[in-house]
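Heads up, the thing below is written out as structure tokens.
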Amino acid sequence: MPARGDAARPAPGLPPLVTVRAEGQKIVLAAACPAARALGLAPGMAMTQARAMVPGLDVRPADPPGEMADLARLATHAARHWTPLAAPVGDREIVLDITGSAHLFGGEERLCRRILHLCRRLGLAAHIAVADTAAAARALAAFGAARLILCPPGDAEQATAALPVAALRLPPETVAGLARLGVESVGALGAMPRAPLARRFGRDTLAALDRLRGAMPDPIDPLVPAEAPRVMHRFAEPVLTAEGIADATARLVEAMIGALAERGLGARTLLLECVRIDHDRQRIAIGLARPSRDAAHIRRLLGLRLEEIAPGFGIEAMALTATRADALASTALPGALTGEPAVPPLATLVDRLATRLGDRRLYRLGMMESELPERAQRRHRPLAHPPCWPDDWPRPVRLLDPAEPVDQVLAELPDHPPRRFRWRGQAYRVVRGDGPERVHGEWWRNAAEADAVRDYFQVEDEAGHRFWIFRRGDGVDTRTGDMSWHMHGLFG
Amino acid sequence: MSVSAAQSRRIAALRAEIGAITASGREAGAVLPFGADAIDARLVGGGLAAAALHEASGGAALADDAAATLFLAGIAARRAREMGEGAVVLWAFGRAELYGPGLQQAGLAPERLLLAEAGDDAAVLAVMEEGLRHGGLAAVVGEVRLAGMTATRRLQLAAEERGVTALLLRRPRARDRDALAEPSAATTRWRVGAMPSARLADPVGDAGIGRARWQLDLLRQRGGEPCSWIVEGTDAEGRLALPAGFRDGPAAPARPADSVSPIVAGAVRAAA
């Protein structure tokens, strides 16, 4: 069981390394490397204290999610290579049930040395213990003296007797309570009468003891390594023609649908790989807005991109991998039985258009909390349900972004719309106007906007054309803007 | 001139035959009325055919183009509303200039609108056709500068086949080029232009802006006559309205601005 966090670092020349995490108001050490521990630093110590004790300490923030992910990867490796019953426990332990698989590696000791060797190569200082029960093995690995402890069958209770009570993973208050009674070791705890122990410290304490002794089942929840569904097709003769590639793709898609259906999954991203005879690999990837097992749909999406494949001197193998697949339950199809008309799902159209145009060019517009009109709309994913805008002021249907300068403006300051202006070289005479609608700069985004003000007017010219025009500044104080006029949008 | 019963029967049969040819494949009854009798009465079938291509343009001025945009947005919004919850309108364009809050005020709220930034005219037309062929959309709107007879014919056929409304906005190209001069297979072609809006009743005379007013020209409709109206622009539900009364006269020039209220302080500024 590797203990994470205390990476075995090549010591010379490098400062001692610790990782830190926030605990309430304090920042405390999460882990310390062997060099740091030799200097008296220990997890749980305040960072300021550690810094004072060891100047030049290399302090880095702990990354619990990253560590958990690494642990899960190691457990996945274990599940693939050593035993199918492997599970990460807590944040720094992996439990392997090697019953029945150790002999494949030449016995328990050879297997454990192999695991230790791998961990060393990964830069992990691992401790391994093998015992009759998972609880005993965990206690020995975490609190035992040696790196590798092989506890003979039937010896678990005796081997763990000298370990501190904390080895049973009891809650800290229980450990402290036991310490007050003078019970410090697992052996001493085991010798106590059961009934008073249960009354005083709860049934969980007894359960921990029973799990250690094997008197209570302690099943592990094995990690099932997720394999991306993958189908492959090798050709007897290299394929060169577009028809051949399309044909093979269709067959791969059929096989992929079967593989996905077996696991109750729907593809979200698919990668089609073509291996050429010169070992070059041609890849195309497609994405789907919703998990799908629709063969025709997937074939069509791939078909849109198939022309990107350059067969060169020929393709000898093709593989289709569902690089991302999500659970897809069966859905009720509207149709003849339910009497509803069959409306094709929007997701299929979204996929086709996104494959044609690219992911970023198919979107919805939704409200964004912002005073400035050009920032008030945000792009959302095509199947999202973006929020609406508040319906208070009239807004133009077309926005000029960036706003265009307007010159030769004649306007009453500070709060009347312009009487005349010129835009794109054409003069306009304003007949009616509405405003001003004052918009303030967003000082929290940009210091330059702190005092900035815009006054928006909706104006109509003699012909009935309607414009959205604004003035920089409030018309009085030049700090709020330079009083220049700008065209920002067009009303219908 | 009197027509015998046999002749009138013959004429009716011929009319039906012509109708069957011109309306081939069109779903009978799938019509989207404007809700304004004066307009609907002049349209074949009492409204816009839902499974067909309709074109609009605003001409050279950008503000007129915005009016045409709103006109089509209103049609799409009403079609989506008619189709009920979850109906979506696809809007394809070359460059992102649309403003979401403005479209929402024409009845196209974010949950009703899917936007596709296609890049150029050819891509817009391809996206439109893909959207029409999908068959599940309320309407497909496309903005193009150029679309020939073949392209519009494809759209018209796709719209007829799948029963989806196709709306084509012809955007201004050059000042002196009429966007609607090109031939097209569209069922109806419209020109939308801004008109001076009605002055709001206000004793001070410096009241704000009321509802927009447009000159709406139906330049062409298949199986019908062209026509013109003066209407009030789309409201929050995408509906047009006919002005209550032409108090100012529909095409009378607006009162000069200076007579409304004197200029107290003027400022002339050069462009930054």
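What do you reckon, is A:I284 within 30 Å of A:P344 (Cα to Cα) and in contact with a Cys (Cβ under 8 Å, 6 or more places away or on another chain)? In short, no.
Between A:A179, A:A141, A:A145, which is out of contact with any helix residue (DSSP H, G or I) (no Cβ under 9 Å at 6 or more places or on another chain), hydrophobic (A, V, I, L, M, F, W, C) and loosely packed, with under 15 Cβ neighbours inside 10 Å? Give the steps one after another, and end with the answer.
Working: A:A179 fails: out of contact with any helix residue (DSSP H, G or I) (no Cβ under 9 Å at 6 or more places or on another chain); A:A141 fails: loosely packed, with under 15 Cβ neighbours inside 10 Å.
After ruling out the rest, the residue left standing is A:A145.
Quickly run through region A:400-429 and pick out the residues that are among the aliphatic types (A, V, I, L, M) and within 15 Å of A:H486 (Cβ to Cβ). Answer for region A:400-429, where residues must be among the aliphatic types (A, V, I, L, M) and within 15 Å of A:H486 (Cβ to Cβ): A:L400, A:A403, A:V406, A:V409, A:A411.
Quick one: which strands (runs of 3 or more DSSP E) sit completely within region A:65-152 and have at least 1 residues that are touching a residue at least 60 places away in the same chain (Cβ under 8 Å)? Lay out the reasoning, then the answer.
Values: elements: A:86-89, A:93-96, A:128-130, A:148-150.
Passing ranges, in order: A:86-89, A:93-96, A:128-130.
With respect to the conditions (1) on the phi > 0 side of the Ramachandran plot; (2) at pLDDT 90 or above, A:G182 lacks only one, and its number is (2). Yes or no: B:L90 more than 7 Å from chain A (Cβ to nearest Cβ), crowded, with 24+ Cβ neighbours inside 10 Å, farther than 20 Å from A:E374 by Cβ and modelled with pLDDT of 95 or more? So B:L90 fits the description; yes.
Being part of a strand (DSSP E or B) and aliphatic (A, V, I, L, M) is the requirement here; does A:L260 meet it? In short, no.
Working carefully through the options A:F470, A:F491, find the one that is away from chain B (no Cβ under 11 Å), under 14 Å from A:G435 (Cβ atoms) and of a type outside the set (A, V, I, L, M). Full working, then the answer.
On the way: A:F491 fails: away from chain B (no Cβ under 11 Å).
Among A:F470, A:F491, only A:F470 is away from chain B (no Cβ under 11 Å), under 14 Å from A:G435 (Cβ atoms) and of a type outside the set (A, V, I, L, M).
Of all residues in region B:32-72, those satisfying the criterion of being outside any helix (DSSP H, G or I), aliphatic (A, V, I, L, M) and either in contact (Cβ under 8 Å) with a residue 60 or more places away in the chain or within 14 Å of chain A (Cβ to nearest Cβ) (or both) are B:L32, B:A36, B:L43, B:L48, B:A49, B:A50, B:A51, B:A52, B:L53, B:A56, B:A60, B:A61.
Scanning region B:102-122 for residues that are farther than 15 Å from B:A76 by Cα, facing chain A (nearest Cβ under 7 Å) and surrounded by fewer than 24 Cβ atoms within 10 Å (Cβ to Cβ) gives a single hit, B:E117.
Within region B:111-133, the presence of at least one residue that is hydrophobic (A, V, I, L, M, F, W, C), farther than 22 Å from A:R398 by Cα and either touching a helix residue (DSSP H, G or I) at 6+ places or on another chain (Cβ under 6 Å) or in contact (Cβ under 8 Å) with a residue 40 or more places away in the chain (or both) is confirmed.
Candidates in region A:207-232 are the residues that are in contact (Cβ under 8 Å) with a residue 60 or more places away in the chain and of a type in the set (D, E, K, R); of these, the one that is surrounded by the most Cβ atoms within 10 Å (Cβ to Cβ) is A:R211. If only residues of region B:168-198 that are within 14 Å of chain A (Cβ to nearest Cβ) and not in a loop (DSSP other than H, G, I, E, B) are counted, the one that is nearest to B:D120 (Cα to Cα) is B:L169. The residues in region A:426-468 that are basic (K, R), assigned to a strand (DSSP E or B) and surrounded by fewer than 18 Cβ atoms within 10 Å (Cβ to Cβ) can be counted, and the count is 2.
Please specify each residue of region B:73-87 satisfying the condition of being at the interface with chain A (Cβ under 10 Å from one of its Cβ atoms) and either part of a loop (DSSP other than H, G, I, E, B) or touching a residue at least 60 places away in the same chain (Cβ under 8 Å) (or both). Show your work before the answer.
First, pick out the residues of region B:73-87 that are at the interface with chain A (Cβ under 10 Å from one of its Cβ atoms): B:73-74, B:83, B:86-87.
Matches in region B:73-87: B:A73, B:G74, B:G86, B:A87.
Filtered by the rule that a residue be among the hydrophobic types (A, V, I, L, M, F, W, C) and within 7 Å of chain B (Cβ to nearest Cβ), region A:348-402 gives A:L349, A:L353, A:L357, A:L362, A:L365, A:A376, A:C388, A:W389, A:V397, A:L399.
When you look at A:R281, is it free of Cβ contacts under 8 Å to residues at least 60 places away in the same chain, among the basic types (K, R) and more than 30 Å from A:Y363 (Cα to Cα), yes or no? Steps first, please.
On the way: free of Cβ contacts under 8 Å to residues at least 60 places away in the same chain: yes; among the basic types (K, R): yes; more than 30 Å from A:Y363 (Cα to Cα): yes.
Judged against the criteria, A:R281 is a match.
The values are calculated or read from the model by the stated rules, or taken from the named source; none is laboratory data. Everything numeric here is computed off the predicted structure, so don't read it as measured data. Ideal geometry is used to build each Cβ from the backbone, glycine not excepted, and the neighbour counts take in all protein chains shown.
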